Amino acid sequence: MLAPRRTGAAVLVAAFVLALTLVVGVSFVPGDGAAVARADIIHLNDGRKIVGKIVKESEGSIKVKLKHGTQTINRDDIFEIERRKEPEDLHAEEAAKAETADDWFAIGKQAKDDWGLEEIVWRGDFEKAIELDPEHAGAREGLGYKKVDGKWLEEAEWREAEGFVLHEGRWVTKEKADQIEVERRERMRERVERGTESYRDEIKGVPWAKAWKVETGNYIVRSNAGKTDELTREYADFMELLYAKLRRIFSRLPLRSRGKRSLYILRNHKEFMEMNLLFEPGIGGFYVPGTHPPTGDERIIVAYHGQFGATGDTRGVLAHEGTHQFEHMIMEGDAQGFLSRPIWLIEGLAVLIGDGHYIKGRKMEIGIPRDRLAALQRAIRNGSNHKLKDLIRIPKQKFGGYEYAHAWGLIYYMLFGKEPFNYGGKEIHLGAAFENYLKANLKVASTPEAFEAEVGGAAGLEELETKWKAYILGLEIKKLGKQRGDKFESGELGFKIQLADRRSWSFLDEAELRAGEGFAAENEKTTGRVSVMSQPNGLLFDSKSLADRLRFGLNGRLENPAFIAQKKIDHKGHDVVMMEYKGTEKRTLEDSSARPNEQHFRSYVFTTPKRWYLLKFQSDSDRWDDCEADFDKMKDMFEVLLDE
């Protein structure tokens, strides 16, 4: 909530929030509520509509879950509430009235054909119909049964008797399945070869001495990626979108330094490391607040053309480091002075604006950085999160990715949290409090105590932490794929997979995934677990070299690892390395979901020119035999999706 009198910091808050747009905490949605499927519609007295799911009601207010976060609305402001029933609610109502086999069959038909519910739901309805009437033909046929010689046979039985095999969820003849596989392998190999050649052209580029130079209104961009200056121009255009967004956000703050800023974007990771004499391969780019020794330029960004994180690329790096570059334009001081600012403030803003950005039309908008939110939620759930009093005092040398997520979360909550913060008998406007602290750092570095004073002192910060954690846990993690029945597919991560049996296996939701995972499912009865990691292949690993690297790291992830086997196989046209091993998972600060019993693992390593994949199966060692058939089935149904 903003201060009612828009002066000083409050004016800056209003500009800040307006510039970021309502996308990050969207409340008012035009039209009929299509933004939130089957949601409730709250009609306000002033004619506006709020679309979301009502999750809590009291005599004086209601609480609505929105796309990002929640909002509390006073009943005095409400004209009418239009409640819409979820498919699950409709199903529950009909199920409560069901008595006969025909009733359950009819409900199952509606669940499947009209309500779009998952397969496990309508199959369960058909099974209940069969329990009441074992000869119910509609329910039997709906589950794939066929009557042969007076006996109902399951689909697998009669299909196999007729010479069919199950191939990727479809029943086809053995000859047809073999033909499909041969044609698929050939097409996949051709696509991989084309993709490899195209990507190598990008990272081959030209020698740095012939780097392209593109000058815009605010930047000078040099890059040697690509055969022409096309990529350089794309990056220059992107930086102008970033600059426009930053100027809108910080419109009330004067620029302390002016002039065009420089960017160097190297053609590949190897050249980036060699130019900057770096030894940490995980670095994607950086901002130099002083002089860059290899070039002699000041206050420049250095990065390389590639992909980072689960779904990011060079633009994400440029947005993050470009925010640092702009921070230095509004803050006084040389390199040492800039670096003396509170690291949580500097990096938190860079994650908020840089990591959370997306392009909509010809504008840059700000959303929630998925990976940072997921990491922070995991930390809060397992109790390993930093105390806020400690976070604002962590020195730069100890501030890493784990802390970046915390810093982002604190700033995001202060700017976009809707719940009022009351402490010491007064309401504290968190947005204004944050802006006051930001302004206090423009000339010289401020102190942790100054930040605490903005929120009611040390005790106030402790109270704030409780609300902050609840707010963060209430935010929705962006889904990277779609579940349909027993299938999961992700265009962003480039793969699809099907569960062996939807009745025994359950998808894990986004909050339950471990660090780096894009998908996971578990079988509670057998302890089976399947997961997929999909990451950019910026270092151009082949499957063998990546498998060797992962094998080398087993000691860091497992207690008493025992390696069983490693071999190269063909999987639908891909050269894949299979690794099998055992060990007990180590608990880490960021992930406490390690299993206590010894695990048996089988992992498959895939690589393409742009991404690498780790398909991993595991179970308690003494339950491996109960899981292996399902693991093999899911491995056969896993498929890498390549860009055309």
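Brief remarks follow.
- Within segment 505-538, considering residues that are open to solvent by less than 10 Å² (accessible area, probe 1.4 Å) and of a type in the set (F, W, Y), the one farthest from E271 (Cα to Cα): W505
- Residues of segment 81-91 satisfying the condition of being closer than 14 Å to V64 by Cα and open to solvent by 90 Å² or more (accessible area, probe 1.4 Å): R83
- Residue match in segment 560-579 (condition: without any contact (Cβ under 8 Å) to a residue 12 or more places away in the chain, charged (D, E, K, R) and closer than 30 Å to R381 by Cα): no
- Matching option when the condition is over 27 Å from the mean Cα position of the chain (by Cα), open to solvent by less than 10 Å² (accessible area, probe 1.4 Å) and under 29 Å from G400 (Cβ atoms), among G573, G583: G583
- Restricting the first member to segment 366-382 and to residues that are touching a residue at least 24 places away in the same chain (Cβ under 8 Å), and the second to residues that are among the aromatic types (F, W, Y), the beta-carbon pairs closer than 6 Å and six or more apart or on different chains are G367/Y358; R372/W408.
- Within segment 455-480, considering residues that are open to solvent by less than 20 Å² (accessible area, probe 1.4 Å) and assigned to a loop (DSSP other than H, G, I, E, B), the one nearest to L391 (Cα to Cα): V455
- Close Cβ contacts (under 6 Å, 6 or more residues apart or on different chains) running from residues in segment 238-259 that are in contact (Cβ under 8 Å) with a residue 60 or more places away in the chain to residues that are in a helix (DSSP H, G or I) and open to solvent by 50 Å² or more (accessible area, probe 1.4 Å) comprise F238/R315.
- In segment 65-80, the residues that are closer than 16 Å to E419 by Cβ and polar (S, T, N, Q) reach residues that are open to solvent by 60 Å² or more (accessible area, probe 1.4 Å) and assigned to a strand (DSSP E or B) with C-beta atoms within less than 6 angstrom, at least six apart or across chains, in these pairs: T70/K63; T72/K63.
- Here A511, A521 are screened, and the one residue that is more than 23 Å from R611 (Cα to Cα), in contact with a helix residue (DSSP H, G or I) (Cβ under 9 Å, 6 or more places away or on another chain) and not acidic (D, E) is A511.
- The set of residues in segment 616-636 that are of a type in the set (D, E) and assigned to a helix (DSSP H, G or I) comprises D622, D625, D626, E628, D630, D632, D636.
- Test: G518 is of a type outside the set (K, R), touching a Ser or Thr at 6+ places or on another chain (Cβ under 6 Å) and closer than 22 Å to H571 by Cα: yes
- Lone unmet requirement of (1) at pLDDT below 90; (2) surrounded by 15 or more Cβ atoms within 10 Å (Cβ to Cβ) for A236: (1)
- Condition met for F286 (modelled with pLDDT of 90 or more and open to solvent by 10 Å² or more (accessible area, probe 1.4 Å)): yes
- Residue in segment 533-543 that is more than 30 Å from I180 (Cα to Cα), hydrophobic (A, V, I, L, M, F, W, C) and at pLDDT below 95 present: yes
- Enumeration of residues in segment 586-610 that are crowded, with 16+ Cβ neighbours inside 10 Å and in contact with a strand residue (DSSP E or B) (Cβ under 6 Å, 6 or more places away or on another chain): E598, Q599, H600, F601, R602, S603, Y604, V605, F606
- If the condition is being free of Cβ contacts under 8 Å to residues at least 24 places away in the same chain, surrounded by 16 or more Cβ atoms within 10 Å (Cβ to Cβ) and in a loop (DSSP other than H, G, I, E, B), then segment 124-143 contributes only L143.
The values are calculated or read from the model by the stated rules, or taken from the named source; none is laboratory data. Just so you know, these numbers come straight off a predicted model, no measurement behind them. Note that each Cβ is placed from the backbone with ideal geometry, even for glycine, and that neighbours are counted across all protein chains shown. Only protein heavy atoms, including side chains, enter the accessible area calculation; ligands, DNA and RNA are left aside. Shrake-Rupley method; radii C 1.70, N 1.55, O 1.52, S 1.80 Å.
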